[in-house]
Amino acid sequence: MKISKIPGLGRFGVIIDDLDLNNISKEEWLEIGKQHLQNLVTIFRNANITKERQIELTNQLGAQRFGTKNYFINKYNLPWDSIVTLTLDEDDQIDDSDRIVIRSCISAQEQTTTGYDITRVQGGYDEKGNPRGMFADGELLWHSNESGTLTFTPGVSLLAAQNVVGSSTGFLTTTDYYESVSESFRSELDEMIILHRFTPGKISPGLNREQDIIMNLNMCPHNDTEIPMVMTSPGGLKGLHYSANTVWGIKGMSKKDSDKVFSRINKELFVPEYTYDHWYQNDGDWLLFDNSITQHRRLGNIKDRLCYRIQHDYTNVQEGVWYPYRQKEIQRRYEKEIRSFVKVTKHKGFRLPPKRLSDYIPFLNRN
C-alpha cells in the first residue's frame, strides 16, 4: 500500500495506491476508516471493487442514511414503502412536485446481488426521457449534500464505475482556512448562524425544471433553515459548514452585510491551497469524503458517466458520539430532530447524543 498527500486541500487528503480492498481484513479496514476521519478526503486509486464490495466496506464504517426519505415520511406520516406505492399509483395524496422527486429516488436506485439498493449518479436520459440517475445534467458547483438540513449525512462514498475519464470530482477543505484567520474573525465565525436557501440553477446551471426540483429537495427542503457556520466533523476537526451555493444570509445581519462576509470568505477560501480536482484517468477509483466541513463539485463531460453513491454515517470509526454543534439552542434542535430521524427511519446502529448536555461536554471540549 502506497499513501501520498493530495496536492491542495491544505494539510488534508490522501491518495492510496496498491491496496487490495477485496482481501483486506475488517480490523485493517476500520483502522483506515479512522485515519480517513483525520484526512477528510481519501481516494483509493484503481480500487476496482464492485458496487457490492463498496456497500460492504461502507457499511462497516457506518450505516447508510438519506435525508430525503425522512422528509417525505414526516410530511405524509406514512412508511416509505406506502409513499412509493401511492406515487406509482398516481394517487392525489402525493403532491405533484413530490412525485417528481420520489420517482427520481426510485429510478436512481439499482439493486445489487446482495439485496441492497445503491444510488446511481449517471449522466443522460433513457428513451422515454427519464434521467438514468441522480444529477443527470451538467456540472455541479461547490456544495455539500443536504446542506440546508440540520441532520445532514456526514459521509459520502463514491465509486467511479464507468466512462468517468474526462470528468472530475473536486474537493475543498475549510479547517486550515478557519485556523488561519484572525482570532477576532474566528470568534465571529464561531457565533454565526447561516440561513440556507435553494436558488434554481445556482448549484448546477442549466438543469431542467424537474431536475431543479430534485436538487432543491436534496439540498434545502426548507428555506432559511438555521445552521451554524462552524461545526465539528465526525473526526473532531473544526471547520466551516459553508455550502457556497446555498448560503443566503447570516442571522441577525442584513443581506448586504451578509454578502460582504460571504464575499470575503469566497475570496480567501476558494484558492488552490485548499482545493483539489481529481480528474479521473480511468474507471475504478473509489472516493470517500467528509460532508460536514468539506465541499465537493463535479466538472467535465458526464455523458454516459456512471458512479455509485452512498451517503453514510461514521458511527463505527468515530470516537464516541458525534455532536456537530456547540450553540445550546441548535444543540436542542439537533437532538430533537436526530432522535426523530432515527425513530422514523428505523436507522440501525446510530449513536444518539446523550439526553444531558454534560454527558457530551468532554467531546465538545476536545475541539
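Annotations
- Leading residue by the ranking (surrounded by the most Cβ atoms within 10 Å (Cβ to Cβ)) among those in the stretch 1-15 that are in contact (Cβ under 8 Å) with a residue 60 or more places away in the chain and small (Gly, Ala, Ser): Gly13
- Considering (1) surrounded by 15 or more Cβ atoms within 10 Å (Cβ to Cβ); (2) not in a strand (DSSP E or B), the lone condition that Ser340 does not fulfil carries the number (1).
- Those residues of the stretch 115-124 which are more than 22 Å from the chain's Cα centre (by Cα) and either at pLDDT 80 or above or under 27 Å from Ala63 (Cβ atoms) (or both), in sequence order: Gly115
- Those residues of the stretch 21-58 which are surrounded by fewer than 18 Cβ atoms within 10 Å (Cβ to Cβ) and among the polar types (S, T, N, Q), in sequence order: Asn22, Asn23, Ser25, Gln35, Gln38, Asn46, Asn48, Thr50
- Tallying residues that are touching a strand residue (DSSP E or B) at 6+ places or on another chain (Cβ under 9 Å) and either among the hydroxyl-bearing types (Ser, Thr, Tyr) or closer than 19 Å to Trp142 by Cβ (or both) within the stretch 238-269 yields 18.
- Candidates Asp313, Asp277, Asp259 - the one that is at pLDDT 95 or above and under 30 Å from Lys51 (Cα atoms): Asp277
- Cβ-Cβ distances below 8 Å connect the following pairs, each with a first residue in the stretch 259-278 that is within 11 Å of Tyr177 (Cβ to Cβ), a second residue that is among the charged types (D, E, K, R) and at pLDDT 95 or above, and a separation of six or more residues or different chains: Glu273/Asp176; Tyr274/Asp176.
- The stretch 197-214 residues that are within 10 Å of Asn245 (Cβ to Cβ) and in contact (Cβ under 8 Å) with a residue 12 or more places away in the chain, paired with ones that are among the polar types (S, T, N, Q) and buried (at least 16 other Cβ atoms within 10 Å of the Cβ) (beta carbon under 6 Å, 6 or more apart): Phe198/Asn216; Lys202/Asn245; Ile203/Asn245
- Any hit, the stretch 130-142, residues being at pLDDT 85 or above, among the aliphatic types (A, V, I, L, M) and closer than 25 Å to Ile49 by Cβ: yes
- Restricting the stretch 280-307 to residues that are aromatic (Phe, Trp, Tyr) and surrounded by 22 or more Cβ atoms within 10 Å (Cβ to Cβ), the residue that is farthest from Gly123 (Cα to Cα): Phe289
- Filter result for Gln318 (at pLDDT 80 or above and part of a strand (DSSP E or B)): no
- Cβ-Cβ under 6 Å pairs, at least 6 apart or on other chains, the stretch 60-89 side more than 21 Å from Thr119 (Cβ to Cβ), far side crowded, with 19+ Cβ neighbours inside 10 Å: Tyr76/Ile83; Leu86/Ile94
- Taking every residue in the stretch 90-102 that is under 18 Å from Gly133 (Cα atoms) and touching a residue at least 12 places away in the same chain (Cβ under 8 Å) and pairing it with any residue that is β-branched (Val, Ile, Thr) and outside any helix (DSSP H, G or I), at least 6 positions away or on another chain, the pairs with Cβ-Cβ distances below 8 Å are Ile102/Ile94.
- Among (1) more than 23 Å from Leu150 (Cα to Cα); (2) loosely packed, with under 12 Cβ neighbours inside 10 Å - the single one Asn77 does not satisfy: (1)
- In the stretch 24-50, the residues that are among the hydrophobic types (A, V, I, L, M, F, W, C) and outside any helix (DSSP H, G or I): Ile24, Leu40, Val41, Ile43, Phe44, Ala47, Ile49
- Screening the stretch 157-195 for residues that are in contact with a Phe, Trp or Tyr (Cβ under 7 Å, 6 or more places away or on another chain) and small (Gly, Ala, Ser) and picking the one that is nearest to Phe289 (Cα to Cα) gives Gly170.
- Pick from the stretch 62-112, criterion part of a loop (DSSP other than H, G, I, E, B), within 21 Å of Gln311 (Cβ to Cβ) and of a type outside the set (A, V, I, L, M, F, W, C), ranking: farthest from the chain's Cα centre (by Cα): Pro79
- Qualifying residue in the stretch 33-49 (condition: free of Cβ contacts under 8 Å to residues at least 24 places away in the same chain and under 21 Å from the mean Cα position of the chain (by Cα)): yes
The values are calculated or read from the model by the stated rules, or taken from the named source; none is laboratory data. All figures in this text were calculated on a predicted structure; none of them were measured in a lab. In this analysis, Cβ positions are derived from the backbone assuming ideal geometry, glycine residues included, and neighbour counts consider all displayed protein chains.
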